[in-house]
Structure formats: structure tokens, C-alpha cells
Amino acid sequence: MTATMSGFEHLSGNEWQNLCVRVLHEHHRGNFIEVPDQDGGDAGLEGFSLDDECVYQCYAPENEPLSPDARYRKQRTKMTDDVGKFITNRDKVRKIVPPDYRAKRWILLVPLITTKRLLEHASKQTERLRAEALPYAAQDIIVIPHTLRSYERAKNAVIARQIDRLRLPHVANPNYEEIADPLIQKMSSKLLRTAGFSDSAKRSAFMDRLLSNSVVGREQRDWIQDHYSELGEELEDHLSDLEARLEVHYPLDQPNADQLLASILRDTEDVVTSVLNVRKSQARVVAEGQVAQWLMDCPLDFP
């Protein structure tokens, strides 16, 4: 298992459970049954699937980031305790699942696995569970720890709808001093050709905004790529397609410099929103950051 942080460690236990349940509903496409836990506990299962007979528990340790050993000990304890609940609450579980239900996998969903010792402990819990010969568990039931990497498609589908709730990283005091002066001058000379930014004060203010958003937008896109790779790749593909049309298609449609700039800004923001479904303010930052790069790197120019 990878030791790279998953991006979900900041979530509380309830937030993690809420995310996992949404992902499982998406993954099982109507075949996931959520078990409410506000009337006496969940009996060792957060929910169960009808299509492949898996039962699930969700757990996010508090006080992350933890050392690998501390994380393992918390996860091990949770797995042991909840497998125990699944065993001892026989009457409750039998009333929850269908009469002929035989669970094939008992899965603990955690944000991050950093040691193979958790797999070794799951093997011991598998032996423990099989020895009980539970009427609602298959004879060859397996206890497994999973992260959301096992549900990548469903995770990305949920995040595409909820990514603003997962907090795109805030970049405090973005610094664009490392951007080379010739690139900034190139942007300025292009914007000078527009009527809207021919005035030096307006142009300077707009450039400050674009340059700041180029730093923030790049960091946010890198973060999305690191944590939600499929969404990140889809966004980059859409932006690459938009870039390919800058030199030919857009100048033909919008020969006026001001209209061309407005069209590019609008379409880039629409692309970001269509892929990420973030708030409009977040989409604008990412979009203006990309347009800033195009102005400096030459794909975007004005007649």
C-alpha cells in the first residue's frame, strides 16, 4: 500500500462515513443498503451490498497525521471491535439483512493504509469470523481493509459533485515574483491591444489578478491531480483541447480582441465547472490562471 497521504485525513469520523456511504451508493448503483446507527448502534456494519454480498464499516482515526504505528494500532482496534460486534449481535444482524443473505466480505474502509500488519491482522480476523459459522456469513468470508482507491470511479463521480465541500486548498498570499519579467511584459503587450485594458491602471490591476490566479490555480490543479487523478486528467484533457483551438478557431469566430478575450475567459471557466462542479468563484480562479498562462506562453494572442 502507498504511504502517500490520501487527502481525506482532515475529515472527521462523521464526514468520512458520509463520504464513504455516498461512494458505496455510487459504486453499487442501487444495491447498497445503508444501516442507520442512531437507534442502538450499527451491529458492526455501516451498510451492506446486495450485488456482491459485502458488508462495510467506515473508520477515520482522529488526530491525523499519525505515525504509521499509531495509525495501525487505531485501525487494528477498530477492526477487532467491529468484527466482534458483527459476531455478537447475531439477532440484530439477522433482522437487518435478507433471510438468505451470506456476506462474502467484511470490509473496513479507511483513508490510508501504511503497513502490511493491518492485512495480517485482517487475516486473523478472517479466521475468527469463519470459526463462528454465522448464519448471515459465507463459510469463506474474508475480512479486508480497503481505501477509496478500490472505488476510484465511484469516488471520482461523488467528488465531481461534491469537490467544493472537500475544500480545494486555500493558497495564502500567492507570490508570483518567480514569473520571469519577459513573460509578464508579453502579457501586458497583448492586453494593451484590447480596448478594455488599454488604460495602464486597469491593465495593471487585471494583470495582478491574472498572475495571482495563475499561482493559485496551478497549485489547486496539482492538488486535484494528486488526490483525484481521473478528474485531474479529464480537466487537463479539456484544457488541452481548448488550447488547440486558440490559434485558429477562436480568432475566426472572434476577430475583435476584446470579444476574443471575453470568449476565452467564459469558455475556460465553463470547462472547469463542467469537470469539477466547483463553486463559480473557484472555477474563475482556475480559469483565469490558465488564461494567464496562455497569454504568457503564446497560444493566446490578439490581432
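Any read-out appearing in this document is the output of simple, stated calculations on the displayed coordinates, not a laboratory observation. Since the model is a prediction, treat every value here as computed from it, not as a measurement. Virtual Cβ from ideal backbone geometry, glycine too; neighbours counted across all protein chains shown.
In percent, how large is the relative contact order of segment 172-297, given Cα pairs closer than 8 Å and 6 or more residues apart?
Values: 111 pairs, mean separation 46.1, N = 126.
Once divided by the residue count of segment 172-297, the mean separation gives 37 percent.
Note down, for segment 172-297, the three equivalent ellipsoid semi-axes (square root of 5 times each alpha carbon gyration tensor eigenvalue), biggest first, whole angstrom.
Numbers: eigenvalues 110, 68, 30 Å².
That gives 23, 18, 12 Å for the three semi-axes.
Taking H as built 1.01 Å from N, whose amide H comes closer than 5 Å to the amide H of LEU109, not counting residues under 5 places away?
The list, which skips near neighbours in sequence, is GLN57, CYS58, TYR59, HIS146.
Ratio of segment 13-153's C-alpha Rg to 2.2 N^0.38 Å, to two decimals?
Working: Rg = 14.3 Å, N = 141, 2.2 N^0.38 = 14.4 Å.
Ratio of Cα Rg to 2.2 N^0.38 Å: 0.99.
State the antiparallel share, in %, of DSSP beta bridges confined to the chain, rounding to the nearest 5. Write out the running numbers ahead of the final one.
Working: 5 of 16 bridges.
Restricted to the chain, the bridges split so that about 30 percent are antiparallel.
Please report ARG73, ARG284 as a ranked list, fewest other C-beta atoms within 10 angstrom at the top and most at the bottom. Don't jump to the answer; show the numbers that get you there.
Values: ARG73 15, ARG284 19.
The most exposed by this proxy come first: ARG73, ARG284.
Once you put a point 7 Å from the Cα of GLN259 and another 7 Å from the Cα of GLN139, both along the Cβ direction, what distance in nm separates them?
Between GLN259 and GLN139, the label points sit 7.6 nm apart.
What are the ³J(HN,Hα) couplings of segment 276-291, residue after residue, when phi is run through the Karplus curve with 6.51, -1.76, 1.60 and θ = phi - 60°? Round to Hz, x for glycine and proline.
Along segment 276-291, the couplings run 9, 6, 8, 4, 4, 5, 6, 4, 5, 4, 5, 5, 5, x, 5, 4 Hz.
I need the phi-derived Karplus couplings for segment 176-183: 6.51 cos²θ - 1.76 cosθ + 1.60, θ = phi - 60°, integer Hz, Gly and Pro marked x.
Listing the rounded values in order: 10, 5, 7, 6, 5, 4, x, 5 Hz.
Mind ordering 110-116, 180-186, 128-134 by average Cβ neighbours within 10 Å, highest first? Could the numbers behind the result be given before it?
Working: 110-116: 20.0, 180-186: 12.3, 128-134: 14.1.
Highest mean packing first, the order is 110-116, 128-134, 180-186.
From the backbone phi of segment 206-223, what are the Karplus-calculated ³J(HN,Hα) couplings (6.51 cos²θ - 1.76 cosθ + 1.60, θ = phi - 60°) in whole Hz, Gly and Pro given as x?
Ordered by residue, 3J(HN,Hα) equals 5, 5, 4, 5, 4, 5, 4, 5, 5, 6, 5, x, 5, 5, 5, 5, 5, 5 Hz.
Provide, for q = 0.09, 0.10, 0.11, 0.16 Å⁻¹, the log10 of I(q)/I(0) from a solvent-free Debye sum over equal Cα point scatterers in the chain.
-0.59, -0.67, -0.75, -1.18
Answer with one residue from SER188, SER240, PRO135: the one whose Cα lies farthest towards the positive end of the charge dipole of the chain, charges on Cβ with Lys, Arg +1 and Asp, Glu -1.
In the chain, that residue is PRO135.
For each pair in LYS92/LYS155; LYS78/LYS124; LYS85/LYS116; LYS104/LYS124, compute the distance between the two Cα atoms and list the pairs where it is over 22 Å.
Numbers: LYS92/LYS155 30 Å; LYS78/LYS124 14 Å; LYS85/LYS116 24 Å; LYS104/LYS124 16 Å.
Over 22 Å Cα-Cα: LYS92/LYS155; LYS85/LYS116.
Go through the chain and flag any cysteine with no other cysteine's C-beta closer than 4.7 Å, please.
CYS54, CYS298
Taking the Cα centre of the chain as the origin, how large is its charge dipole in debye, to the nearest 20, when only Lys and Arg (+1) and Asp and Glu (-1) carry charge on their Cβ atoms? Don't jump to the answer; show the numbers that get you there.
Working: 39 positive and 48 negative charges, 213 e Å.
Taking the Cα centre of the chain as origin, the dipole is about 1020 debye.
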